[in-house]
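The values are calculated or read from the model by the stated rules, or taken from the named source; none is laboratory data. Owing to the predicted nature of the structure, the values given are computational and were not obtained by experimental measurement. Note that we place each Cβ from the backbone using ideal geometry, even for glycine, and neighbour counts take in every protein chain shown. The protein model used for the area step is the full one, side chains on, heavy atoms only, and it has no ligands, DNA or RNA in it. Shrake-Rupley method; radii C 1.70, N 1.55, O 1.52, S 1.80 Å.
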Amino acid sequence: MNRLTSERRAQILAALCEGASVNATARQTGVSKVTILKLLADIGPVCLDYQRATLVNLPCKRVQCDEIWSFVGCKERNVPRDEKGCGRGDAWIWVAVDADTKLVPCWHIGARDADAAALFMEDLASRLAHRIQLTTDGHRAYLSAVEGVFGWNQIDYAMLVKVYGPAIDGTTRYSPPQLTGIDKQRVMGLPDVEHVSTSFVERQNLTMRMNIRRLTRLTNGHSKKLENHGHAIALHYMYYNFCRKHETLTKANGGVHTTPTMAAGVADHVWKLSEVVDLLAAAK
């Protein structure tokens, strides 16, 4: 990998960030799979550390949270008994999105339980500059996590619970049941009912699945190692937050290309992937 130029590394990262698999990236760039995985393993921790250090004191006002399912190696039900707890199986990604700037201030990879919810909320709280309105789905683990981290009535918090009807015949395997209603439940504080929504974070879920090949459903492009899974997600959010120009932000800014970090006042320009490569060089 030491023989790769910065331009070559940026080309590889661009392919990975646009949803190409490792094998497809190898075919497109002529770089070996081993070299690509080595680059991913090097750049992932750099992206994670940079965002942890930079995405603090954020001016977020309305935050939406959700959990996205993924798996490493195999699905949870197929993990051999002697490999339970060794990094294989279901890996839920907890994600927070600022509804105004579309910034993703933090994420967490783990189980879908109360412990993971608490760690995720602690990370989120550490990045905020002031009180926010928070919306989550109806997952009960959020209740104790939000109160335990923020304190009672120290946040305007509501749950949006979707009510589904019976599944449509013949579509039970790949399609969700029909949505029959939405219940907005105030949990604490004084959340603005008009802004109790999870639409932005759910749209972000689609962006994640489209741009991280490891998360694409019904394929064999899943992660084989939990560490590489984490590196891919850290790289994705570095690209999403700093490099990717968002259409909704651009329209709201009078046609000027804008990224979430620019909208949040964290960055002053649209990053290029070559600048992410420069972070790797500076870290060595």
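Output the number of residues of the range 188-209 satisfying the condition of being open to solvent by less than 20 Å² (accessible area, probe 1.4 Å) and not in a loop (DSSP other than H, G, I, E, B). The qualifying residues number 5. Contact map, the range 8-27: residues that are under 17 Å from residue 245 (Cα atoms) paired with residues that are in a loop (DSSP other than H, G, I, E, B) and β-branched (Val, Ile, Thr), Cβ distance under 8 Å, separation 6+ or inter-chain. Pairs shown: 19/212; 19/216. Tallying residues that are among the small types (Gly, Ala, Ser), touching a strand residue (DSSP E or B) at 6+ places or on another chain (Cβ under 8 Å) and open to solvent by 40 Å² or more (accessible area, probe 1.4 Å) within the range 108-124 yields 1. Any residue at all in the range 12-30 that is small (Gly, Ala, Ser), at pLDDT 95 or above and either exposed (fewer than 13 other Cβ atoms within 10 Å of the Cβ) or under 30 Å from residue 157 (Cβ atoms) (or both)? No. Pairing each residue of the range 263-281 that is within 15 Å of residue 5 (Cβ to Cβ) with any residue that is modelled with pLDDT under 95 and open to solvent by less than 40 Å² (accessible area, probe 1.4 Å), provided the two are 6+ apart or on different chains, yields no C-beta distance under 7 Å.
Within the range 51-80, residues that are more than 24 Å from residue 260 (Cα to Cα) sit with their Cβ atoms under 6 Å from residues that are among the hydroxyl-bearing types (Ser, Thr, Tyr), at 6+ positions apart or across chains, in these pairs: 72/223.
Considering each of 203, 213 in turn, give the residue that is in contact (Cβ under 8 Å) with a residue 12 or more places away in the chain and under 18 Å from the mean Cα position of the chain (by Cα). Lay out the reasoning, then the answer.
Details: 203 fails: in contact (Cβ under 8 Å) with a residue 12 or more places away in the chain.
After ruling out the rest, the residue left standing is 213.
Would you confirm whether any residue within the range 252-260 is closer than 25 Å to residue 39 by Cβ and either of a type outside the set (Val, Ile, Thr) or touching a His at 6+ places or on another chain (Cβ under 9 Å) (or both)? Yes, the range 252-260 contains at least one residue that is closer than 25 Å to residue 39 by Cβ and either of a type outside the set (Val, Ile, Thr) or touching a His at 6+ places or on another chain (Cβ under 9 Å) (or both).
Residue pairs whose Cβ atoms lie under 8 Å apart, sitting 6 or more positions apart in sequence or on different chains, and linking a residue in the range 122-148 that is within 20 Å of residue 57 (Cα to Cα) and acidic (Asp, Glu) to a partner that is modelled with pLDDT of 95 or more and open to solvent by less than 30 Å² (accessible area, probe 1.4 Å), are 123/106.
Among the residues making up the range 45-92, those that are modelled with pLDDT of 95 or more, surrounded by fewer than 21 Cβ atoms within 10 Å (Cβ to Cβ) and assigned to a helix (DSSP H, G or I) are 45, 48, 49, 50, 52, 53, 54.
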